[in-house]
Amino acid sequence: MGDTQTITFREDIFENHPNCFNGWSEDYVQLIIKEALKVLNYKGDVDKVTFSKYACQKLDESNRYSEVCYVATNQPGFFFIMRDMVDHINVVYNRWD
């Protein structure tokens, strides 16, 4: 996996989760990260990836699309997760050095 990579998903692929199109629960973010790691061809076991830090915040309280999540994992790195205004989820992966 590269140093920094971006993956974009259509949010409707996660339609069975209650937070699809609605907020960022920790288990929803974990599901998205697992899918991103599969796309990135992560060599480890995605089911063993654990969060060491999880935080979400709206950058603009009046705009629900401005919410960004930061997730640090024990391995393989850290992630930023956000929605755009056309039903996509953007995941930015950053490798630990």
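Where a number appears in this text, it was derived from the coordinates with a stated rule and is not lab data. Just so it is clear, the structure is predicted and the values come from calculations on it, not from any experiment. Cβ: placed from backbone, ideal geometry, glycine included. Neighbour counts: every protein chain shown.
Using mean projected area of the Cα convex hull in nm² as the read-out, say which of (1) 5.7; (2) 6.0; (3) 10.9 was calculated from these coordinates.
(2)
What ³J(HN,Hα) values, in whole Hz, does the Karplus curve 6.51 cos²θ - 1.76 cosθ + 1.60 give for region 56-62 when θ = phi - 60°, with x put for Gly and Pro?
10, 7, 7, 7, 10, 4, 8
Enumerate lysine pairs in the chain that are 8 or more residues apart or on different chains, then count those whose Cα atoms are under 16 Å apart.
Numbers: LYS34/LYS43; LYS34/LYS48; LYS34/LYS53; LYS38/LYS48.
Number of lysine pairs found: 4.
Can you list residues whose amide H is under 5 Å from ASN19's amide H, if they're 5+ apart or on another chain and H is modeled 1.01 Å from N?
none
In whole angstrom, how far apart do the alpha carbon centroids of region 80-97 and region 16-74 sit?
8
Which ³J(HN,Hα) values in Hz, rounded to whole numbers, follow from the phi angles of region 12-29 under the Karplus curve 6.51 cos²θ - 1.76 cosθ + 1.60, where θ = phi - 60° and Gly and Pro get x?
For region 12-29, the Karplus curve yields 5, 5, 9, 4, 7, 8, x, 8, 4, 6, 8, x, 10, 6, 4, 5, 5, 5 Hz.
Provide the gained length on full extension for the span PHE21 to ASP47, in nm with one decimal, where the gain is 0.36 nm per separating residue minus the Cα-Cα distance. Could the numbers behind the result be given before it?
Working: separation 26, 0.36 × 26 = 9.36 nm, distance 2.37 nm.
Fully extending the segment from PHE21 to ASP47 adds 7.0 nm.
Relative contact order, percent, of the chain when contacts are C-alpha pairs under 8 Å separated by at least 6 residues? Show your work: numbers first, answer last.
Numbers: 152 pairs, mean separation 30.8, N = 97.
It rounds to 32 percent for the chain.
Report the residue, chosen from TYR70, TYR42, TYR54, that carries the largest GNM mean-square fluctuation when the chain is represented by alpha-carbon nodes joined by springs under 10 Å.
Checking each option, the largest mean-square fluctuation is seen for TYR42.
For ASP60 and ASN74 in one chain, what is 0.36 nm times their gap in residues minus the Cα-Cα distance, to one decimal in nm? Let's see the in-between values first.
Details: separation 14, 0.36 × 14 = 5.04 nm, distance 2.95 nm.
That pair, ASP60 and ASN74, stretches by 2.1 nm at full extension.
So how strong a dipole does the chain carry about its Cα centre when Lys and Arg Cβ are +1 and Asp and Glu Cβ are -1, to the nearest 20 debye? Walk me through the numbers on the way to the answer.
Numbers: 10 positive and 15 negative charges, 57 e Å.
So the dipole magnitude of the chain works out to roughly 280 debye.
Give, rounded to the nearest 20 debye, the magnitude of the charge dipole that region 8-55 has about its Cα centre when Lys and Arg contribute +1 at Cβ and Asp and Glu contribute -1 at Cβ.
Details: 6 positive and 8 negative charges, 56 e Å.
Computed charge dipole of region 8-55: roughly 280 debye.
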